[in-house]
Amino acid sequence: MITVEHLRKEFKYYKKTTGIQGSLHNIFHRESLTKAAVSDISFSVSRGEMVGFLGPNGAGKTTTLKMLSGILYPTDGRAEVDGYIPWERKEDFKRRISVVMGQKNQLWWDLPASDSFYLNKCIYEVSDADYRNVVEELSELLDVRDLLNVQVRRLSLGERMKMEIMAALIHRPDILFLDEPTIGLDILSQQKIRDFLKIYNEQWKTTVIITSHYMTDIEALCDRAVIINQGHLVYDGRLNEVNQLFGKRKLLSVKTSEYFGPEVWGQFGLVRKIDAAGVVLEVPQEQVKEILSAILSGLQVEDFTVTEIPLEESIARFYQKGVVMP
């Protein structure tokens, strides 16, 4: 459905010093600088797949989505989206995609969302019957039927985001690009949007690429992650295999009847947290049984649990290391 090969995007800008003197100097001697927002990335996405597109701020996620949706022209490389070259912006291509950006509004602020929906219906030449069916189905799934005729500016942030997603789906696109769709939303609103996207994808097999800094979104929706850092692709694979790339490690939480200091716990593993209630150790996965046996035989243990290292930590390691996949 989506093929990206050696895609690259550079932005040129000019350096300027402060003050009037700096402005005058720039009139005659401007220093040109180049910023590589995306540097030679390649990946592909299958039809109906939901892919988490991850990276720190400034990594190039939004720039990549803008190129794939035809908003930006690349500096180099090629991309094909459903058989079309995005930046050619052909009419048939624009009918097959939709973009939702959590920090950009497409709805008219002083009008009810239903008016914006009808405008999209006319733009995409959706039939009256299909339009009614789509609005009825989506408003039911998102639980916003009673809000369709309320001015957008009077809606809460979560309600507005639901309407933004509805507007993007009026023409039943084959591909949906979501850029931080749950940013700033409360936990309940995030959950409702995640539930909706999961049901919609299962029902219509829409291909979805989603960026988010909330790992709960990615874990709930995506089996696969594409991670970029400083414009480079650093990982492309199954989400549940990210932890294994940094060594198979586990978190061992132990509660004891009395307090023991770091000098005691340090012999069993890396001490992540210690207090009067117990300790959290990071230990190699293959040594969990051996270490736990030693703790149980030497200390008065009241309770223990073994868990995975949080996915957020492993993702953060990619950001810190800046490694590039071979």
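The values are calculated or read from the model by the stated rules, or taken from the named source; none is laboratory data. If you're wondering where the values come from, they're calculated on a predicted model, not measured in any experiment. Ideal geometry is used to build each Cβ from the backbone, glycine not excepted, and the neighbour counts take in all protein chains shown. The protein model used for the area step is the full one, side chains on, heavy atoms only, and it has no ligands, DNA or RNA in it. Shrake-Rupley method; radii C 1.70, N 1.55, O 1.52, S 1.80 Å.
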message = Just the residues that are under 14 Å from residue 4 (Cα atoms) and either among the β-branched types (Val, Ile, Thr) or open to solvent by 40 Å² or more (accessible area, probe 1.4 Å) (or both), please, taken from segment 52-86.
response = 63, 64, 66, 73, 75, 76, 78, 80, 81, 83, 84, 85
request  = Scan (1) free of Cβ contacts under 8 Å to residues at least 40 places away in the same chain; (2) within 26 Å of residue 6 (Cα to Cα); (3) open to solvent by less than 40 Å² (accessible area, probe 1.4 Å) for the single condition residue 264 breaks and write down its number.
outcome  = (2)
query = Do we find that residue 8 is of a type in the set (Lys, Arg), open to solvent by 60 Å² or more (accessible area, probe 1.4 Å), out of contact with any His (no Cβ under 6 Å at 6 or more places or on another chain) and under 22 Å from residue 207 (Cα atoms) in this structure?
reply = no
query = Do any strands (runs of 3 or more DSSP E) entirely within segment 215-304 hold 1 or more residues that are closer than 30 Å to residue 194 by Cα, and if so, which?
reply = 224-229, 232-238, 249-256
ask   = Somewhere in segment 174-181, is a residue assigned to a helix (DSSP H, G or I) and out of contact with any strand residue (DSSP E or B) (no Cβ under 6 Å at 6 or more places or on another chain)?
value = no
ask   = Inside segment 139-164, can you point out the residues that are under 16 Å from residue 119 (Cβ atoms) and touching a helix residue (DSSP H, G or I) at 6+ places or on another chain (Cβ under 8 Å)?
value = 148, 149, 152, 163
query = Within the set of pairs 6+ apart or on separate chains, which have a first residue in segment 226-244 that is over 15 Å from residue 317 (Cα atoms), a second that is part of a strand (DSSP E or B) and open to solvent by 70 Å² or more (accessible area, probe 1.4 Å), and C-beta atoms under 7 Å apart?
reply = none
Candidates 309, 291, 295 - the one that is modelled with pLDDT under 90 and open to solvent by less than 30 Å² (accessible area, probe 1.4 Å) = 309
